[in-house]
Each structure stands twice: as C-alpha cells, then as structure tokens.
Amino acid sequence: MSLGEKWRADSLVQFAVVDREEDVYRVAEQLYDLENNRHELRAETSSPFYRATVPFAPRLFGSGKTTFCLSYLELVQRFRETSLSSFASDPSRKEFFDKLREAVLLYVDLTELEPTNPIEEKRNLKWAVYYLMVETAYLSVGEEPKDEEDVYKKSRTRSYKLVKKIRTILNMRTDQFLLVAFDEVGVLDSRGQYFDLEVNDGRVRPYNDFFGILWELCLEDNVFFIVVGKSKGLSIKNYTASVSKVLLHFISLSPLDSFSIVEFLEKSHLKVRTQCRVCDILCSSSFSVNELAEALLEYTGGVPGLLTRAVNMLLNYVQTRGQPFVLKEECLSCMKEDVFRTVCSKPFVTRISTLDESRRSVLDMLLMMALYRIPFKADDELNSGSYLFDAVTEMGFYRYPIDDNTFQVLFPKMFIINLNNASSFSLLEKILLGSLNMEPVDCFFSSKCRVFEGIVATRLVLILSSKVRNEFRELLGRLSAIWKDMKLPIHGPSPLDYMMSVSRGEARSESNKKRKTYGNNEWERIFHAALYFDRVSIPVEANSYSPDIMFKLQSPVKLKFLMVGVAFKGLRKSEGIGWSDIIEEAKKFLYPVFNEFLSQALECYHCMLIIVSTKLALNVASELGNQSRCYTSGMRIGGNSFTIPPNCELVILCERDVEMLIDREILNGLERAFSTSDNPPFGDLGFNLLRRARDSFMSLQESWNSYNSSVRSIIGSARCEWNMFENIL
C-alpha cells in the first residue's frame, strides 16, 4: 500500500454536532434581543444608542461555523429540555422560544454573490443580496430560480416585498420566524469592487453597506440573521458599531474538549451503514473511546474541521487493514507519522505558510504566546488599528476561550510537521514549533502562564547550543570545575520540553492514561528517563516540587553527567531573597536528588542548582561580595544551617549576572505584570515586552547563524584552495 493510499481523507462519516449548548443559548438571547427591541428600530424618536443585534462568527477555518449555521434550529430542538429550558422558563421569553422552535432556516452562501440584472441595478449591492436570497429560497425547495428581471419587478429593493416573496416561496406563515444565515461574508473583500459602495473616511468599507442592508431587513417582523465567515472580525465589529445601527455579537465556536470528542465519536456513524458508530469501528476492547478522544485532542487541539479529517483518515486506514486499533500507542503512532500529519493538515496550513511580511513579523510572538500560555483579551491591540484577536485568525491559529472576553492562542500539533519542513522559518520559530510539538495538551488546558520560565528557557536553549562563546557559559565555567568539563555547545538548538511535574509525595497515576506526575522519590527515574541531552525542560505545574527549569549535560571526554536545575526566587519580594529562601530551594532539589539517586549512583553523576533572583537580601549580597558564587560539596551556607551534599553544587547568581539570562527591561516588565496576577494577560505584559523578548532571542540566533555562515565560508575557501592545489599537481 503506498503512502497516498494509506492516508486518504475521503469522507465516510455522518458526523454529529456536539458541544454547542452555550453558543446556541447565546445566539437565542441575541435573537430575542432583536425581537424584543424591534420597535426601537422603527421609531423615529428611538434611542440613538439601540442597534439591531446580529450574531456573528468571524472566520476560523475548520471551526464548524457553517455546520453551526445549518444545524442551529436542530440544536435548538435538541437543547430545549436542557440548557435552553432556563431560557424558556421566563414567561416573557417562552412565546419567543416556542416560535423559534418552529422557525425556517434560509442558508445563504455569499460566495455565490455577483452583480445581476437588470442592468440599471448591476452595481447595486442591495439588489444583488436580495436576488441571492430569493434564488437560494427557490433552490431550497427544489425549484428553478425565476428570471432576475421578473423578480425585480415584484420586489425591487424594498425589504417588505423581499420578505413577502421569500415567505411565499418557502410556504411560510406570516407570523413564522425566518432565520437567514449568511455564510462566507468575507467574499465582500474581493467582490465589493463590483458594486457602488459608500465611502467612509476616504475608504470603501463593504461591510458597512452589507450590515446596513441587514439593518433595513431587521425592521420587518419575524426576520432574524446570523452572519459568519470574516477574518478581521473585531475590526469589522468595532467599525460597524461606530457608523451603523447594527451591533455584532461574537459566536465563540470554541474547539472541543475531550468529553465532547467522546460524545462526537459515539454519536457519529457511517453514511452508508448508519448503525455502525465511529467509536466501534476504531476502538477495540483494549482501546477505549476515552483513549481515542485523548489521542485526537493531543494532535488536533479539538478543532472540529481538523478532527473530522483525522477521524476520516483513521477510518480509511482501519477499514483497509480490516481490524480496529488494539492499543492507544498504535493509534498515536499513526497520527505521529509525518505523512498522516501532512495530509491531514494540508488544507489548514496554507495560510500560515504563505504569510506576507507584515504578518510574518508577529508569527514568532504568537508562537511564544501559544507555548508560554499567555492569555489575551478581545480588544488587545498589536499596534494601532490591528487587533490580536484578528491576527490570530488571519494567520491560521485558533482562539481557545477562557471566559467571555479572554482567550488563549491554540496551535494544533498536526500543523507543525508542515511548517518545520519549510525553509523560510527562522531558527527561533523552529525551536518554538518543536516545543509546541512536545508540549502535552493537558499543559495547554490546565496550567497557568509560564512566560518568565519560558523566556529564560528559550534563551538557555540558544545559549547552550550556540557555537559562539558567550558570557553566561564562561561565567559558569569559571565558577564550577564540573561545568567546565561538560560538552558545550550541546547539539541543537533543541525544543523546550514541558516535562511531567514532581510532586512532594508519591507519583499520581490514572488507569489507561499517561502518568502526569513523578514522585519526589523517583529522581533516579527522572535522571535517566525524563530528561534527555540537548533538551531544556520546564515542569508543567508552577508549584512542582522541583526547580523551574532543568537540563542535563554530558562530558565529551569523560564519563561524567551533570543535572542542572534553575530556580527563580524573589520576583515579588521587594526586600530580596534571604538565605532561608535559598536553602528552601536547595532542600527541595539537592537533598532528594542526592538521597534518592546520587548516594547510590556512580561518581560520574553530579547535580547543580542555580539560584536566579532579581533581588538578593543585603546579608546574602554582602556574603557573595556582590558577585556570583559556587558552593561545592561539603560547604555550608546560611549560618552553617545547610551543607551542600556530595557531588552537588549550588550557584547563586548576583543581580548583575542575572541579566545574562534575561535583560533588566524584560525583568521589570514581567515584575509589573505579575505583581497583580498569577496569570497576566497580553495587555498587562504588553506588545513591546514580548517584542523585546523576541529581539533578545534573535540576537542570540544571529550569533548562531553568523558562526554557521563563517564556518561554511571557511570550508568553501578551503575547498577552493584544495582544488587549486590539485590542479597544480
């Protein structure tokens, strides 16, 4: 079987629509708001602050927006006894809800929008929209659309005549709700040129004209709208609200969680054999649907379009070989295959791989936000007139909602193989992509912002892998004889590894699930298995019973290994950290590592803890002599209250040397942001702070690239000289 035949994305399944209760409820509220205040739109003396309410889903490729539109009324029926029962419990809403359950949906695909006859209305957007609605109504009942001239004579561009015409075609009662769903509204970006549009502030904005048409239709009784499919959703929403009488309300359409994916797999079935559920075909007695859901969430991020494509490919594979998956690892190995991920994600990553220069300039920062889990607000700006909310959409990323107004940047693992192979991506971008590929999905959904650790860890990757001499490596070489013996630079640069955390007690485990936590008595296992060479690791949980960053080094000439932990202390202590804080970190790391592993291990194993603090207490700084210092085995600190265990070292960086890892302006910005929150959003951190962090990475990357270029140049020159020498001979 060839690779192309093995991984086919043919659609075999009738997929169920799941996990949209909150979206259905919100849209029902917004439609009710329009119905309840329609009289305000008609009254000449109405409040200038009231606007027609229209639910709006900005374009997110594969988010399920079209499916949501087409199945909205079906979902209303499904949830009437659950989430919508509370909506209908209010007597003032019950009559509305009863009529909504009997509504008729008219789905209008705006990709079919084009100028149409009669000739005098050829450039009239309003008439083009009206005729497309009539044409769609005819097609929905299986009739041939009438001639444009004929329809124009009967309805022209008068809203009440249009609504009456559509009701007649659809055989609707006068009091029956008509719900019109407009899909792919983004086509107005390109097709607006075919129409005479209003000019605002010297610019043509087709969305103002379009939503102006909808506002006029909202004056008619029992007519409602849903609009989906535009990239710059926030810009459109803000501008439309400022110049028109329409207020757009976002439909979140968030990615699915593992519980919803289980429901999705259990309710979806084959198109031909409807009694055959997807989960029964893919799973066996030893491989549960819950495990399948976890595997799919890990690689698709729960994005509906990516999820359905992955399921179709797995089904094609299973049916071709004639048996289901027996183990979770077997299913995961399929989804890890480069060809599987390439075929599955290809329709999704085109936008990212063909970004223009203005968008490429913020790609690495969005990758940092995804990796460090920096939340952002809907109105956060990248720069004047450019919103982060829109940039995430335009670049092919996804928004995962934390609450109504707060989101995280979601970047599915399925995308990464396509982008890692692209030569146009920078070294930093490849490190970030590789790190996202290694990060457990549980980390994304559960842990808080780890931006400080993430920035330092990224710099460490670049520092440890750079072939150019740098001051931080030389400093540690002067302080520690063990460090000096280690092989540097490491082979890399390599991705960050968000490893499993270390708990104070025994390891936690769950049946049929990967262990999430090491016990504090398992340092031998951690030393040998969890930390690999050429990898910088960050514990998933911020309160892990271990340092904030760990990595392992090896001597190139001797059998010698060094585990290094980096602990951050005193970020919020104005008085600085004292010996008690330092000893607390040393006891948390050096003692258990020695007791559980080094005391029984060969002499070749060593451990080092580096204390990084933005401010040291006066007595600590005084004893250090305002310079960094290394305490080796047997030395005592803190008034002889702690003794460094055998084969261990404790390095305390002075405040000046901390800036080798992270510069002062970035430190100050992080301290301000974290002073009020454990999970500061993008707005508190600021675009300039992230850009400065990015620039600090780029400066190290440029040194790395410069060295490689020099080496290639030297090798090239040597080859030329050798060729000349051979010619002489």
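The values are calculated or read from the model by the stated rules, or taken from the named source; none is laboratory data. Fair warning: this is a prediction, and the values are worked out from it, not measured in the lab. Reconstructed Cβ throughout: ideal geometry from the backbone, glycine too, with neighbour counts over all protein chains shown. Areas reflect the complete protein model, heavy atoms only, side chains present, ligands, DNA and RNA absent. Shrake-Rupley method; radii C 1.70, N 1.55, O 1.52, S 1.80 Å.
General observations
- Heavy-atom accessible surface of Lys615, to the nearest 10 Å², is about 80 Å², with a 1.4 Å probe and all protein chains retained.
- For the chain, the carbon plus sulfur part of the accessible surface works out to 48%, probe radius 1.4 Å.
- Peptides 261-267, 677-683 ranked from most to least packed by the mean count of surrounding Cβ atoms within 10 Å: 261-267, 677-683.
- Along its three principal directions, the equivalent ellipsoid of the range 139-248 from the Cα gyration tensor extends over semi-axes of 27, 17, 14 Å, largest first.
- When you restrict to C-alpha pairs under 8 Å that are six or more residues apart and normalise by the size of the chain, the relative contact order lands at 11 percent.
- Partner lysines for Lys328 [C-alpha distance under 16 Å; skip if fewer than 8 residues away on the same chain]: Lys336, Lys513, Lys514
- Think of it as helices only: each DSSP H run of n ≥ 4 in the chain is worth -39500 (n - 2.57), and spread over all residues that comes to -14500 deg cm²/dmol at 222 nm.
- Net lengthening on full extension, Thr157/Asn383 (0.36 nm per residue, minus Cα-Cα): 77.3 nm
- Debye-sum result for the range 546-655 in log10 I(q)/I(0), which assumes one identical scatterer on each alpha carbon, at q = 0.14 Å⁻¹: -0.54
- The range 566-630 - charge dipole about Cα centre, Lys and Arg +1 at Cβ, Asp and Glu -1, debye rounded to 20: 260
- For the range 575-691, share of DSSP beta bridges that run antiparallel, in % to the nearest 5: 45
- Heavy atoms of His269: accessible area, 1.4 Å probe, square angstrom to 10: 50
- A cut-off of 5 Å between modelled amide H atoms, ignoring neighbours fewer than 5 places along the same chain, links His249 with Val54, Phe56.
- Cβ-placed point charges (K, R +1; D, E -1), dipole of the range 280-347 about Cα centre in debye, nearest 20: 260
- Charge-dipole axis of the range 159-304 as Lys and Arg at +1 and Asp and Glu at -1 on Cβ define it, positive-most pick from Val262, Leu234, Ile169: Ile169
- Residues of the chain: accessible area per residue with a 1.4 Å probe, Å²: 43
- Efficiency of FRET between Leu332 and Ser288 - r from beta-carbon atoms, R0 22 angstrom, step 0.05: 0.95
- Within a straight-line Cα-Cα reach of under 19 Å, Lys153 can be paired with the following lysines, leaving aside sequence neighbours fewer than 8 residues apart in one chain: Lys122, Lys126, Lys161, Lys164, Lys165.
- DSSP bridge pairs, the chain: antiparallel proportion in percent, nearest 5: 40
- Cross-link table Lys146/Lys230; Lys232/Lys413; Lys232/Lys267; Lys467/Lys558, entries beyond 27 Å C-alpha to C-alpha: Lys146/Lys230; Lys232/Lys267
- Label of the coordinate-derived value, P(r) over Cα pairs in 20 Å bins from 0, in percent, listed as (1) 15, 40, 30, 13, 2, 0; (2) 13, 37, 30, 12, 5, 2, 0; (3) 15, 34, 30, 16, 5, 1: (1)
- Mean Cβ count within 10 Å, highest first, over the residues of peptides 637-649, 341-353: 341-353, 637-649
- Across the range 136-151, coupling constants 3J(HN,Hα) worked out from phi with the 6.51/-1.76/1.60 Karplus curve, θ = phi - 60°, read 5, 4, 4, 5, 5, 9, x, 10, 6, x, 6, 4, 4, 4, 5, 5 Hz, and Gly and Pro carry x.
- Spacing of the modelled spin labels on Glu575 and Tyr591, each 7 Å from Cα toward Cβ, amounts to 2.3 nm.
- Of the cross-linked pairs Lys94/Lys245; Lys154/Lys271; Lys484/Lys587, those separated by over 32 Å at the C-alpha level are Lys154/Lys271.
- For Lys122 and Val199, the FRET efficiency from 1/(1 + (r/R0)^6), where r spans their Cβ atoms and R0 equals 30 Å, is about 0.95.
- Taking a sphere under 13 Å around the Cβ of Lys271 and counting the other residues whose Cβ falls inside, with K and R at +1 and D and E at -1, yields a net charge of +1.
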